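Undergrad: Encoded as structure tokens, here's the structure I'll be asking about.
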Amino acid sequence: MTPSPLAQELKDLRTTEIIAALDADFLNLVSWDWDVRVVRYPKSHPVLGMPDCEIPGCTKGTPLGEPICIGCRNRWRQSGMAFEDFATAPRPGTYHRSDGQTLCRVSECQRPPRLVTHGLCTTHGSRWLTSSELTVEDFLRNSPQKGLPGFGPCQVAACYRLRGSKRTIYCEVHRGRLNRERRLGTFCGDEERWRLTTPAVAVNREASLRGLPDRLVAELLYCLQVRTAREVKSRDHRIRHISDQLRLLQVPSLETLEEADLVRAGLVDDLRMIIRERRPPCAGWGRLRRPNASRTSGTCSSSVTTAPSTSAGSISGPSARRSRSGPTTNSRGDAVGTSRPPCRT
């Protein structure tokens, strides 16, 4: 874990106070690095844990207590098979963007693959195609290659993927996303703002807080820390959605959010999910303190830690509950009335 941002780089004393209230054990639990700014969910933890999916060949994590990931659950429903039969059938070995970015198969090459089918960067892929070797394995074994330096990170603020070419400032995914938006006529026309607000590529067990101000990052981490200490689950896709929408709003702090902002961004339910307390709109966060380490790094205690409260926490009532469209969900976040595989015991 890297040190927190230097005090002189912070915009206000309150940001320093919130960062100081973050527990080192909790930050280690989510593999927090102030340079990378990505929350990574552990495989094994009583609250944040996302164990491996039980379907053979699947690399994704599952919500705690569920036997299979959301993707495999959807495939099971579409298959019409009994769950016992589906669970024994290996998943096709297909790469998915949600598995995260990999590097070229050439040793010490710092460039991402051009195609996941062969796993080689553009340069090494071209060399293989012009060689006499039939397979990538033969190419790597019989024609030793030297690793190449990378082109640096994607310039989208939320992204931490590597660029695949010197001809673009974006990773392959964001380059394709920008081209698609231009083709469909949904591009806003301001590429600089697009770089600041477009979401990161969703990766299983990860939530990017990149591109958010230090104050906002510290607030979200503290909220997640408090929820974990209270043994309240915070699923990765919900944290990703909150981060993406706050990035789109370009706000410096949760304190500055108005109800109209939350309704417009579809964040009413999500921020009520992460911050439970209510307070007058102008009240401060109150006294911050670190939770007991045992509640954030291992077995959780039933004790409650004082949590920060924001204006978002004051939103309640039927109008707020109706502000987001979509199916009715239960306390586990699943659509009511849908079939479910047997839960872990």
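Undergrad: Heavy-atom accessible area of His118 with all protein chains present, probe 1.4 Å, nearest 10 Å²?
TA: Taking all protein chains as shown, His118 has close to 30 Å².
Undergrad: For a quick check: with amide H placed at 1.01 Å from N, whose amide H comes under 5 Å from Cys58's, ignoring anything fewer than 5 positions away on the same chain?
TA: It is Arg91, by chain and number.
Undergrad: Would you mind checking which residues have amide H under 5 Å from Val38's amide H? H placed 1.01 Å from N; only 5 or more apart, or other chain.
TA: Asp33, Leu209
Undergrad: Tell me, what ³J(HN,Hα) does each residue in the stretch 120-126 have, in order and in whole Hz, if you take phi through Karplus 6.51 cos²θ - 1.76 cosθ + 1.60 with θ = phi - 60° and put x for Gly and Pro?
TA: So the J values, rounded to whole Hz, are 10, 5, 4, 5, 5, x, 5.
Undergrad: Output wanted: per-residue J couplings in Hz (rounded whole) for the stretch 222-239, from phi through Karplus 6.51 cos²θ - 1.76 cosθ + 1.60, θ = phi - 60°, x for Gly and Pro.
TA: Residue by residue, the stretch 222-239 yields 5, 4, 5, 5, 5, 4, 5, 5, 8, 6, 9, 6, 10, 5, 4, 5, 6, 5 Hz.
Undergrad: Which cross-chain or sequence-distant (5 or more) residues have an amide H under 5 Å from the amide H of Glu206, H modelled 1.01 Å from N in plane?
TA: Tyr41
Undergrad: Take the Cβ-Cβ distance between Glu108 and Leu184 as r, set R0 to 45 Å, and report the resulting FRET efficiency rounded to the nearest 0.05. Write out the running numbers ahead of the final one.
TA: Details: r = 39 Å, r/R0 = 0.88.
Calculated transfer efficiency: 0.70.
Undergrad: To the nearest 20 debye, what charge dipole does the stretch 32-86 have about its Cα centre, counting +1 at the Cβ of each Lys and Arg and -1 at the Cβ of each Asp and Glu?
TA: Working: 7 positive and 7 negative charges, 39 e Å.
Charge dipole of the stretch 32-86: 180 debye, to the nearest 20.
Undergrad: Rank these by accessible area, largest first, 1.4 Å probe: Ser234, Ser31.
TA: Details: Ser234 5, Ser31 60 Å².
Of Ser234, Ser31, the descending order of accessible area is Ser31, Ser234.
Undergrad: Cross-link candidates for Lys43: which aspartates and glutamates have Cα within less than 19 Å, leaving aside residues fewer than 8 places away along the same chain?
TA: Here the aspartates and glutamates satisfying the reach criterion relative to Lys43 are Asp25, Asp33, Asp52, Glu54, Glu66, Asp99, Glu206, Glu231, Asp236.
Undergrad: Using θ = phi - 60° and the Karplus form 6.51 cos²θ - 1.76 cosθ + 1.60, what ³J(HN,Hα) does each residue of the stretch 201-213 get, whole Hz, x for Gly and Pro?
TA: 6, 5, 10, 4, 6, 9, 9, 7, 9, 5, x, 9, x
Undergrad: I would also like to ask the following. What does the highest-first list of 16-27, 252-263 look like by mean Cβ count within 10 Å? Walk me through the numbers on the way to the answer.
TA: Working: 16-27: 18.7, 252-263: 16.8.
Result, highest mean first: 16-27, 252-263.
Undergrad: On each of the three principal axes of the Cα atoms of the stretch 107-202, give max minus min coordinate, whole Å, ordered largest first.
TA: 49, 25, 23
The values are calculated or read from the model by the stated rules, or taken from the named source; none is laboratory data. Remember, predicted model here, so these are calculated numbers, not experimental data. Backbone-built Cβ (ideal geometry, glycine too); neighbour counts: all protein chains shown. For the accessible areas, the whole protein counts, side chains as well, though only heavy atoms, and no ligand, DNA or RNA atoms are used. Shrake-Rupley method; radii C 1.70, N 1.55, O 1.52, S 1.80 Å.
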